[in-house]
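The values are calculated or read from the model by the stated rules, or taken from the named source; none is laboratory data. These numbers were taken from a predicted model, which means no experiment stands behind them. All Cβ positions, glycine included, derive from the backbone under ideal geometry; neighbour counts span all protein chains shown. Areas reflect the complete protein model, heavy atoms only, side chains present, ligands, DNA and RNA absent. Shrake-Rupley method; radii C 1.70, N 1.55, O 1.52, S 1.80 Å.
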Amino acid sequence: LAQARSPDAGSAMPMGTAAMSMGSASGTFLGRPVALEPRSGASDAAVLWLHGFGDQPEGWVSALEPLRSAAGAAGRRWKWVHLRAPPVAQPFCGGRQIPGWGQFLSASCLHVGSTDYESADTAGVYEATFAAIEEEMEALRQSGIPASSVVVGGFSQGAAVALEFGLRYPQRLAGCVVLSGWLTRRARAAFVGSPGPSGTQVFLAHGNQDDQVGFDCGEAAAGALRGAGLLAHFEVLEGLSHTSSRQELLAVAHFVHSALAPAGEPLPLIEQWQAGGAGHYCSESSCDASHASHASSGGGLLFVRSVAINRVAEQLARGGKVSEELLVQIMPDEAVADEEMMSPISLCTLPHEYLEILPAATKHGAEEVARAFVAARDAAEGEEITAKEWREIAQHSIEESSSEEEHEGDAESSEDSPRRGSANAEAKRPKY
């Protein structure tokens, strides 16, 4: 299974929002999104974000928290809607239901001309996703946010869908963010024989060591968009595989800020990214509270399903084979019952790449990944909690972070604030 077929990485619980809602404008096709409103006042712009294949939205809620927090502290009233992919029968793994925006036909690395690159979407899943995003856009319009004030973005399969939407949607968007994505067949058809659709600016970023969605996909997309007369910014990430980095996220911050903030306003300081420089944003060295998509309570802990991790441990103890189907059950999802127990594992012990279970199992073997998860469970300090408590921790973290941001905002307004002055001026805009 390719890494594009697995969850993204996240970092910390979201900050800078007064409320998190789980309602969806897109009926029953998509799952419940995570919608984050500004702390005060009505939203005047929005970001729609699509996670990667097999993932949940909460991971990117956390990964993009520093940008959201900085924008909120600067007075920006942006709404963030992190959409949730529905379970979809995937032909590449025998029809197993995995969250996705479309179907994957092959487990091989996606390259220009490959089976999935040329997929005609015969099942109509990608098209249904497009229609669902249109409904989300209509809901934003009815709330007073025009398409020209909306950035649509995503990672991997989510990035491919975001790019297709940006090209096919009849109205100009504020921008489109494409991280490790590709041009779908319908996306390529959208501007064949025309100078480009609506003038939506596009930011693309791709690691040149990506072995899941080949770097050639990013190059081809940037070249095709520029050839069609569109404004396409392409960030080449040296040495980066199919993941993200602080460098990439800071570039995303510059792009989103330039697309949505008033002209000429400098990007607010984002200490977590600007101070940290390049590197994976979910680093083991800093032991960040990673993968909040699974509601870590902080302190480098991740909560997983007790019944699944215990079953994995029992299989290993008996010398039995651990299947990929059992491994993926470790991670919780929105359907987990409130009374189910959750076990903490130590993110400082677990190799970061193992958080993406399916590709890690393909690369290292299911038993090796299973042993790593069990060792991380045994190394964790903390007790089991219920899924209800797990969800409450996530909500409390949001509310607490919102309060902290309000306090920081007050400090920012003080003339003695140590973060005032030239810090923003020193932050360089990345070369596209």
I'd like the accessible area for E238: 1.4 Å probe, protein heavy atoms, all chains in place, Å² to the nearest 10. 140 Å²
I'd like the FRET efficiency for R185 and E389, computed as 1/(1 + (r/R0)^6) with the beta carbon distance as r and R0 of 45 Å, rounded to 0.05. 0.50
Compute the accessible area per residue over the range 36-191, keeping the other protein chains in place, probe 1.4 Å, unit Å². 29 Å²
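Roughly how many percent of the accessible protein surface of the range 159-238 is carbon and sulfur, given a 1.4 Å probe and a whole-percent answer?
Working: 1260 of 2630 Å².
In the range 159-238, the share of accessible area belonging to carbon and sulfur is 48 percent.
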Quantify, in whole percent, the carbon and sulfur part of the accessible surface of the range 35-83 (1.4 Å probe; protein heavy atoms only). 43 percent
For the pair R32 and H111, the simple spin-label estimate (label points 7 Å beyond Cα toward Cβ) gives in nm 4.3 nm
Which value, in Å² and to the nearest 10, is the accessible area of F234 when all protein chains are kept and the probe is 1.4 Å? 30 Å²
